[in-house]
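Asks: My questions will all concern the structure given below.
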């Protein structure tokens with residue numbers, strides 16, 4: 001977390017930003033390492049993380065007292081903790097160390113104040129005026145954002161959701177390690193699932209096997225898209241009671257989260273010998289993906305990689321079209337950058353990316369290959385390790 005915070009503050013100094021305020025679950029977690037269940041589930045929950053560009057000043061977290069319990073599961077608090085609101089507790093007699101820490105926080109709780117009062121007083125009293133303040137506007141309503149802007153009118157207040165996304169593109173060693181673990185767990189669960197593929201197996205049966213493996217390895221299922229035959233042509237295929245027939249394609253697009261970091265990988269399998277079209281088209285999308293990979297490096301341009309991938313696949317599949325051929329991944333499954341025709345963003349060393357060239361055809365099914373990588377100075381490092389060939393069972 002210290003490395004990540006140093007990266008954030010370094011980016012703030014480059015951009016001449018005095019204060020960054022995170023409001024969305026992803027950006028609060030990114031800046032503090034803390035994840036609130038309610039913040040994820042209940043729209044309108046207000047939790048703020050206030051970051052100063054000064055290397056010596058720790059973050060300030062502002063959150064409801066009822067959300068603070070998980071803070072005391074952390075090895076190290078992310079900074080100063082300010083809580084507000086009501087929650088009813090009975091102290092009890094036999095107290096654990098965690099109980100005692102939580103009760104101390106309850107004693108200091110600001111029962112009659114709200115999130116905005118605390119945020120505004122924190123900024124004014126601790127950091128002063130005439131500041132450049134970036135606010136992650138996506139976690140606020142339009143009126144809430146404008147209220148903060150009005151109350152801090154002596155400073156320049158601006159939207160910073162995209163700035164957070166840009167800062168998050170470069171991953172620390174700790175983040176890459178978590179993403180790699182997330183990928184490894186997903187791969188192992190996928191291989192276990194593939195072992196169970198046979199004629200007449202149902203899509204939902206494979207879903208249960210896959211997700212059970214994730215949970216047993218301390219990960220949480222994020223999405224499990226499994227489509228047999230024609231059902232695989234739907235990009236968000238919902239596993240059903242459809243039974244697998246010999247000669248049908250099985251398209252997997254799978255992901256989990258491990259310590260808040262996502263995986264997103266895809267593979268394709270078939271029971272029986274693939275038809276000429278199935279094999280030819282699968283080879284084409286793998287070739288397209290490989291051409292993208294061969295051109296990845298620090299400084300590569302997203303739109304150019306898109307063109308390379310699509311043009312390569314189109315040599316075999318004339319009707320092939322895509323809106324993107326990859327995306328960043330991290331604390332969100334779709335981080336920046338997106339490898340799309342409109343995006344002139346340059347790739348940078350230590351970005352983590354998903355590279356994919358899927359194909360969907362109604363009546364035929366879906367073919368997909370998707371791998372995760374880390375961008376290096378002169379190329380890339382593959383995070384996925386399982387075979388990229390069509391799984392023929």
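Asks: For the range 149-166, name all the residues that are part of a helix (DSSP H, G or I) and over 28 Å from the mean Cα position of the chain (by Cα). Outline the logic, then answer.
Replies: Here is the first cut: in the range 149-166, the residues part of a helix (DSSP H, G or I) are 149-151, 161-166.
Within the range 149-166, 149, 150, 151 qualify.
Asks: Right, next: Identify all residues within the range 348-373 that are surrounded by fewer than 20 Cβ atoms within 10 Å (Cβ to Cβ) and over 18 Å from residue 248 (Cβ atoms); write none if there are none.
Replies: The answer is 348, 349, 350.
Asks: Inspect the range 183-194 for any residue being part of a loop (DSSP other than H, G, I, E, B) and surrounded by 21 or more Cβ atoms within 10 Å (Cβ to Cβ) and give the result as yes or no.
Replies: In the first step, residues of the range 183-194 are kept if they are part of a loop (DSSP other than H, G, I, E, B); the result is none.
Taking every residue of the range 183-194 in turn, none turns out to be part of a loop (DSSP other than H, G, I, E, B) and surrounded by 21 or more Cβ atoms within 10 Å (Cβ to Cβ).
Asks: To continue, here is another question. Quick one: which residue in 197, 133 is assigned to a loop (DSSP other than H, G, I, E, B) and touching a helix residue (DSSP H, G or I) at 6+ places or on another chain (Cβ under 8 Å)? Show your work before the answer.
Replies: Numbers: 133 fails: assigned to a loop (DSSP other than H, G, I, E, B).
Step by step, each of 197, 133 is checked, and only 197 is assigned to a loop (DSSP other than H, G, I, E, B) and touching a helix residue (DSSP H, G or I) at 6+ places or on another chain (Cβ under 8 Å).
Asks: Taking the range 113-130, which residues are touching a strand residue (DSSP E or B) at 6+ places or on another chain (Cβ under 9 Å), more than 17 Å from residue 68 (Cα to Cα) and assigned to a loop (DSSP other than H, G, I, E, B)?
Replies: Selection gives 130 alone.
Asks: Has the range 269-280 got at least one residue that is touching a strand residue (DSSP E or B) at 6+ places or on another chain (Cβ under 7 Å), within 18 Å of residue 390 (Cβ to Cβ) and in a helix (DSSP H, G or I)?
Replies: yes
Asks: Looking at the range 131-155, I want the residues that are assigned by TED's automatic domain parsing to the domain that holds residue 40 and modelled with pLDDT under 95 and have a partner that is crowded, with 16+ Cβ neighbours inside 10 Å and not in a helix (DSSP H, G or I) with Cβ atoms under 7 Å, at least 6 apart or on another chain. Which pairs are those?
Replies: The qualifying pairs do not exist here.
Asks: State all residues of the range 12-56 that are more than 17 Å from the chain's Cα centre (by Cα), closer than 22 Å to residue 333 by Cα and in a helix (DSSP H, G or I); if no residue qualifies, say none.
Replies: Listed by number, the list holds a single entry, 38.
Asks: Can you name the strands (runs of 3 or more DSSP E) wholly within the range 320-386 that have at least 3 residues being over 23 Å from residue 278 (Cα atoms) and touching a residue at least 40 places away in the same chain (Cβ under 8 Å)? So that I can check it myself, show each step before the final result.
Replies: Details: elements: 326-328, 335-338, 352-356, 359-361, 365-367, 370-375, 380-382.
Output list reads 335-338, 352-356, 370-375.
Asks: Out of 42, 82, 103, 71, I need the residue that is buried (at least 17 other Cβ atoms within 10 Å of the Cβ) and either in contact (Cβ under 8 Å) with a residue 40 or more places away in the chain or out of contact with any helix residue (DSSP H, G or I) (no Cβ under 9 Å at 6 or more places or on another chain) (or both). Which one?
Replies: Numbers: 42 fails: buried (at least 17 other Cβ atoms within 10 Å of the Cβ); 103 fails: buried (at least 17 other Cβ atoms within 10 Å of the Cβ); 71 fails: either in contact (Cβ under 8 Å) with a residue 40 or more places away in the chain or out of contact with any helix residue (DSSP H, G or I) (no Cβ under 9 Å at 6 or more places or on another chain) (or both).
82 is the lone residue from the list that is buried (at least 17 other Cβ atoms within 10 Å of the Cβ) and either in contact (Cβ under 8 Å) with a residue 40 or more places away in the chain or out of contact with any helix residue (DSSP H, G or I) (no Cβ under 9 Å at 6 or more places or on another chain) (or both).
The values are calculated or read from the model by the stated rules, or taken from the named source; none is laboratory data. This structure is a prediction, so every number in the text was calculated from the model and none was measured. Glycine also receives a Cβ, built like all others from the backbone with ideal geometry; neighbour counts cover every protein chain displayed.
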